[in-house]
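The values are calculated or read from the model by the stated rules, or taken from the named source; none is laboratory data. Every value quoted in this text rests on a predicted model; they were computed, and no experiment measured them. Cβ coordinates were reconstructed from backbone atoms using ideal geometry, including for glycine residues, and neighbour counts include every protein chain displayed. Keep in mind that these areas ignore ligands, DNA and RNA; they rest on the heavy atoms of the full protein, side chains included. Shrake-Rupley method; radii C 1.70, N 1.55, O 1.52, S 1.80 Å.
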Amino acid sequence: MNEKYSLLLKNVEKPGRYTGGEFGEHKKEKKEGEVSFGFCFPDIYEIGMSNLGMKILVGALNELDFVRCERCFAPWPDMGRELEDYGIPLGTLESGDPLGEFDILGFSMGYELCYTNVLYMLKLANIPLYAKDRDDDMPIIIGGGTCAYNPEPMADFFDLFSIGEGEYTLCELASLYKKMRDNGCTKTEFIKEAVKIDGIYAPSLYDVLYNDDGTMKSFEPNVDEAPKKVRKSIVKDLDKSFFPENTVVPYIETVHDRVMLEVSRGCLRGCRFCQAGMVYRPYREKTPDVLNKTAMNCIKNSGYNEISMMSLSISDYTELRDLTTKLLEWTDDKKVSLSLPSMRVDSFYEELMEKVMSVRQSGITFAPEAGSQRMRDVINKNVTEESILTACETAFKGKKSNIKLYFMNGLPTETDEDIVAIADLSQKIVDSYFQSPSRQKGKNISVTVSVSCLVPKPFTPFQWMPQDSIDELKRKQMLLKNSIKSKRITYNYHDAEVSRLEAVFAKGDRKLSKALALACEKGVKFDSWDEYFSFSEWEEIFNECGIDMDFYANRTISFDELLPWDFIDIGVTKQFLISEAKKALNCECTPDCRTKCSGCGANKLGGERKCCP
Amino acid sequence: MLSVRVFFEKKNGAKFISHLDLNRAVMRILVRTGLPVVYSQGFNPHIKVVFALPLSIYQESVCEVFDFKLNEDIPKEIVSESLSKAMPDDLRFISCEEPIYKLGDVAKAEYEIKVYTKATKSEVEKIFDGDVTVLRKTKTREFEDKINDRIFSLEVFDDSSISIKLKCILRASNSEYLNPQYLVNHISKHYDVYDCEIKRTKLLTEAEELFV
């Protein structure tokens, strides 16, 4: 543990966040010729330690003999202040070494509201924010995670981005770094060589020009080495790729205190609002034998008592029955419980529920996303009201009387009727409980309706659509509130202003970097936390920078406009997304990949695909 | 062994975790050993682990203890080795034995306390001469408590120009526990105290024999 911290840890909340020393910590000795990699997660320990991507990448890097990969999480502001007061630069958990002394720093960014935390961490580490201000002595800073699919708002702060799946990419990058560093190459030479690796993007090698109206005019490489299009990298064979069986077991409580078993990557449903469903294509699965063995080792090495099967759509995993059977052969004995993430209503059945849901769990979650059939067709959710009610009835039979439902508002073509339909559907579920033969005497049902605001994301058919204005979002939230009559229904809704900020950065370009730098200067951080989010502060910042939020969040974009992320090839083609967008406006559905291939284009990336031709 | 008593250290990073965190950590340690440990019955079976005494956060210890039971008689060497491998450095495994005393027999504990203060050895000795009263706060009230009857021995040593050391034996049982922090609080009533490091060094019975 970092001795320097010892004194100030008594002044902060949850000091366990900053000490390291957990079981399974990968503490490597420093050695000659090593490549040191500081893996940074721009949120607090409890959030970052629940992130599967980070576990996989830190593990994959540490598998390399010459790499020493250590973890760093964003300190909560009380700790940040202590570090500043004592003049201690932010460092990693394992060795306490300041971030500025590492060869490479990687930031995993899963959602746009973490951008200010990335800059907060750089500031605490005394590292210049802008890539152009960093000389060859400073670490190479690389960004990854889902936000890398539109890295442009952060492009000015990073040397490189890893777009796509990083298990192999980062290892190749580390090897290249060692080779070139040992040969005395400069940072620029390294960057030009690095872009030859699949999925690596170097913002400095491209020039962006804008039209007078602020839209993009051109995005061109300024050297020969930079490819015109950057193709995302994928793991071709999930069974053969690295998966960590020796993870760090935190002392303090984190969001996910369990083994996370990645079952498949990608999704074959094609819901039109969902970025993950598009960018992780093509759909690939792991085999039950590999998964079972991994699960056994993970439990043995961690001591957890729960396994969560991770997937974008677990019910679509072809060998779910086989996998659960294999797991249950030993998990019951070892008192290990299994859990599945929210399942699709149309593939939720009794046997599944009995097998994997522990008796203690009294609740179940479904995500219909929209209240009316018309709206569900627009978003291509492809579930009927009947299947929703049937799934709930199955849940009642299993004595689950707490139903949680996820919905969105602000969807394209949405009308007030569609909003009220959410209330009607929830009421129908409450009514069906009271009419159900499985209703438990003396036990009441509780339905929680959780509604978030649509944030149109890059690489989805909705990327050209505007987000509703804040006033509209709030009006609809009130409309729904007033339409819910039953006391059995609890209604939660997501802050429209937070969603607005997310939407600005989701479809942002490089012009936003000055707003981010100014925000950092003003001490803005932890935007996704109630305690720190201030919309009025952001309005001031955008005003000062001459940036119109509506330009990014609230504008209908024409299909032929050049988008900041168009230079990335995710497999799925723009033509496919355009065709899906047009179908959405006509309330037409597209079948899932298993039923019929719709030619999205992801299959050209290759790999062991489960249902692509 | 069927009944196991584990002796371990709690130090460095592990100083900063709560007793609840420690409880959870030990359960996971026991699962990692792969030993046939005894679980509780009922809806939510969990490993039956009992600790001798909790330890406050920020305090270190070289004499922590927890008991658990095995379903089968496993040789001590195997139990030791499994535990040693499953416990992280900051919760370092010392040894394991068949319990001799009952957990309830823990009555006192010895501590070494380093206090960062400019007060001298004799100045500190003086303030512990006679009645020692500290402010105690409970959920319902605050009151002045004379703690002399729970201090069984106390020695003060010179340490450095900015610190002194205390070695003491205090009341420490599940029904009555004098937190060594109160001794530091008492000093800070009279002299500036900048920081302190509290280490529990021994668990003792009423007769001040080593708890084993």
(request) Provide the gained length on full extension for the span A:Phe242 to A:Asp133, in nm with one decimal, where the gain is 0.36 nm per separating residue minus the Cα-Cα distance. (result) 35.7 nm
(request) Taking amide H positions as placed in the peptide plane 1.01 Å from N, state which residues far from A:Val67 in sequence (5 or more) or on other chains have amide H under 5 Å from it. (result) A:Val35
(message) At a cut-off of 40 Å², which residues of segment B:28-56 become less accessible once all protein chains are present than in their chain alone, using a 1.4 Å probe?
(response) B:Arg28, B:Val31, B:Arg32, B:Tyr39, B:Phe43
(message) I'd like the carbon and sulfur percentage of the solvent accessible area for segment B:19-117, probe radius 1.4 Å, heavy atoms only, ligands and nucleic acids excluded.
(response) 53
(message) I'd like the Karplus ³J(HN,Hα) series for segment A:240-253: coefficients 6.51, -1.76, 1.60, θ = phi - 60°, whole numbers in Hz, and an x wherever there's a Gly or Pro.
(response) 8, 7, 5, 9, x, 9, 10, 9, 6, 9, x, 7, 7, 5
(request) Per residue of segment B:13-24, in order, report the coupling 6.51 cos²θ - 1.76 cosθ + 1.60 (Karplus, θ = phi - 60°) as ³J(HN,Hα) in whole Hz, putting x for Gly and Pro. (result) x, 6, 4, 9, 10, 7, 5, 5, 4, 5, 4, 5
(message) Please give the Cα centre distance for segment A:537-613 versus segment B:151-172, rounded to the nearest Å.
(response) 69
(request) Quick one: go through segment A:267-310 and flag any residue whose amide nitrogen is under 19 Å from the point 7 Å out along the Cα-to-Cβ line of A:Asp333. (result) A:289-307
(message) So with the 1.4 Å probe, I'd like the accessible area per residue for segment A:465-582, rounded to whole Å².
(response) 44
(message) Can you give the local net charge around A:Tyr406? Use residues other than it whose beta-carbon is closer than 14 angstrom to its beta-carbon, Lys and Arg +1, Asp and Glu -1.
(response) +3
(request) Give, rounded to the nearest 20 debye, the magnitude of the charge dipole that chain A has about its Cα centre when Lys and Arg contribute +1 at Cβ and Asp and Glu contribute -1 at Cβ. (result) 2160
(request) Write down the accessible area per residue of segment A:92-244 in Å², having rolled a 1.4 Å probe over the full set of protein chains. (result) 37
(request) Just the number, please: buried accessible area between B and A, total of both chains, 1.4 angstrom probe, nearest 100 square angstrom. (result) 2200
(message) Among A:Ala155, A:Ile191, A:Pro203, which residue has its Cα furthest toward the positive end of the charge dipole of segment A:154-220, with +1 on Lys/Arg Cβ and -1 on Asp/Glu Cβ?
(response) A:Ile191
(request) Would you be so kind as to identify all helices of chain A, as entire DSSP H runs, whose Cα atoms reach 24 Å or more along the helix's own axis and whose mean Kyte-Doolittle hydropathy is at least -1.0? (result) A:416-435
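Averaged over every viewing direction, what's the projected area of the C-alpha convex hull for segment A:535-595? Give it in nm², one decimal, please.
Values: hull surface 27.0 nm².
Reported value for the Cα convex hull: 6.8 nm².
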(request) Give the accessible surface of segment B:155-212 per residue, rounded to a whole number of Å², with probe radius 1.4 Å and ligands, DNA and RNA excluded. (result) 51
(request) Grab the DSSP H runs of chain A that are 4 residues or longer, score each as -39,500 (n - 2.57), total them, divide by all residues and round the 222 nm result to the nearest 500 deg cm²/dmol. (result) -10000 deg cm²/dmol
(request) Starting from the Cα of A:Glu472, step 7 Å along the direction of its Cβ; do the same at B:His19; then give the gap between the two resulting points in nm. (result) 5.7
(message) If you restrict to DSSP beta bridges whose two residues both lie in the protein assembly as shown, what percentage is antiparallel, to the nearest 5?
(response) 55
(message) With a 1.4 Å probe and all protein chains left in place, how much of the accessible area of chain A comes from carbon and sulfur atoms, in whole percent?
(response) 48
(message) With an 8 Å Cα cut-off and a minimum separation of 6 or more residues, compute the relative contact order for segment A:215-307 in percent.
(response) 32
(message) So for each of A:291-301, A:588-598 I average, over its residues, the number of other beta carbons within 10 Å; can you give me the resulting order with the highest mean first?
(response) A:291-301, A:588-598
(request) Specify the inter-centroid distance of segment A:411-428 and segment B:1-54, based on alpha-carbon positions, in whole Å. (result) 50
(message) Quick check on segment A:495-585: take the gyration tensor over C-alpha atoms, sort the square-rooted eigenvalues as a ≥ b ≥ c, and tell me if it's rounded (a/c under 1.5), prolate or oblate.
(response) prolate
(message) Compute accessible area for segment A:1-46 by itself and then with all protein chains, 1.4 Å probe, and report residues whose area falls by 40 Å² or more.
(response) A:Met1, A:Lys10, A:Pro15, A:Phe23
(message) Which one, B:Tyr116, B:Met87, B:Tyr101, is farthest towards the positive end of the dipole of segment B:72-117 when Lys and Arg carry +1 and Asp and Glu -1 on their Cβ?
(response) B:Tyr116
(request) For A:Thr490, enumerate residues with amide H under 5 Å from its amide H, sequence gap 5+ or separate chain, H modeled in the peptide plane. (result) A:Val447, A:Thr448, A:Val449
(message) Please list, in order along segment A:449-454, the HN-Hα scalar couplings obtained from phi with the Karplus expression 6.51 cos²θ - 1.76 cosθ + 1.60 (θ = phi - 60°), rounded to whole Hz, x for Gly and Pro.
(response) 9, 10, 10, 10, 8, 4
(request) Please name whichever of A:Phe533, A:Trp330, A:Tyr115 sits farthest to the positive end of the charge dipole of the protein assembly as shown, dipole taken about the Cα centre and charges placed at Cβ: Lys and Arg +1, Asp and Glu -1. (result) A:Trp330
(request) Project the alpha carbons of chain B onto their principal axes and report the range along each, largest first, in whole Å. (result) 56, 37, 30
(request) Please say if segment B:119-208 is rounded, prolate or oblate, where rounded means a/c under 1.5 for a ≥ b ≥ c the square roots of the C-alpha gyration tensor eigenvalues, and otherwise the choice is prolate for a/b larger than b/c and oblate otherwise? (result) oblate
(message) Give me Rg/Rg_expected for segment A:185-308, where Rg uses Cα atoms only and Rg_expected = 2.2 N^0.38 Å with N residues.
(response) 1.51
(request) Determine the sum of side-chain charges near B:Lys114: Lys and Arg each +1, Asp and Glu each -1, restricted to other residues whose C-beta is under 12 angstrom from that of B:Lys114. (result) -3
(request) On a C-alpha basis, how far is the centre of segment A:273-321 from the centre of segment A:60-98 in Å? Whole number, if you could? (result) 30
(request) Assign one of three labels to the protein assembly as shown, namely rounded, prolate or oblate, based on the Cα gyration tensor with a ≥ b ≥ c the square roots of its eigenvalues; rounded applies when a/c is under 1.5, prolate when it is not and a/b is larger than b/c, and oblate otherwise. (result) prolate
(message) Counting only helical runs of four or more DSSP H residues, what would the 222 nm mean residue ellipticity of chain B come to if each run contributes -39,500 (n - 2.57) and the total is spread over all its residues?
(response) -6000 deg cm²/dmol
(message) Is there a quick way to get the dipole size of segment B:25-107? I mean about its Cα centre, with the Cβ of Lys and Arg at +1 and of Asp and Glu at -1; what is the value in debye to the nearest 20?
(response) 300
